[in-house]
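Q: Got a structure for you, written out below as structure tokens; questions coming shortly.
Taken together, the values in this text are just the output of simple stated rules run on the coordinates, not laboratory data. Nothing here was measured: the structure is a model prediction, and the numbers come from that model. Glycine gets a Cβ as well: all are built from the backbone with ideal geometry, and neighbour counts include every protein chain shown.
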Amino acid sequence: MLLSGAVDDAVRVLAGLPQPFTLSAARQALDTTRRVAVPLLELLDRRGATRRLPTTAA
């Protein structure tokens, strides 16, 4: 469960990152673990607050 306002705070922090940002950059900016960052970013994607870009093969 997230604290009240946590999603809005996360969106604000992520908006300040160079775009597009990586999971690693988001995790560091939010000062959290990958275990927390992945579900949070998935939630933001479902809510339309972020947009997942297609991955490219290296």
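Q: Putting +1 on Lys and Arg Cβ atoms and -1 on Asp and Glu Cβ atoms, find which of VAL13, GLN28, THR56 reaches farthest to the positive end of the dipole of the chain.
A: Final value for the positive-end residue is THR56.
Q: Using the alpha-carbon atoms, what tilt in degrees (0 to 90, nearest 10) does helix 34-46 show relative to the longest principal axis of the chain?
A: The helix 34-46 is inclined about 90 degrees to the chain.
Q: Separation between the ALA15 and GLN28 pseudo-spin-labels, each 7 Å from Cα along Cα→Cβ, expressed in nm?
A: The two pseudo-label positions are separated by 2.3 nm.
Q: Using only the Cα atoms of the chain, build the gyration tensor, take square roots of its eigenvalues as a ≥ b ≥ c, and label the shape rounded, prolate or oblate: rounded if a/c is under 1.5, else prolate if a/b is larger than b/c, else oblate. Working shown, then result.
A: On the way: a/c = 1.60, a/b = 1.50, b/c = 1.07.
It is prolate, given that a/c is not under 1.5 and a/b is the larger ratio.
Q: Nothing charged except the Cβ atoms of Lys and Arg (+1) and of Asp and Glu (-1): what's the magnitude of the dipole of the chain about its Cα centre? Round to the nearest 20 debye. Please list the in-between numbers first.
A: Working: 8 positive and 5 negative charges, 33 e Å.
For the chain, the charge dipole is close to 160 debye.
Q: Also: If one takes the longest principal axis of the Cα atoms in the chain, at what angle in degrees, from 0 to 90 and to the nearest 10, does the Cα axis of helix 6-15 lie?
A: Roughly 40 degrees, rounded to the nearest 10.
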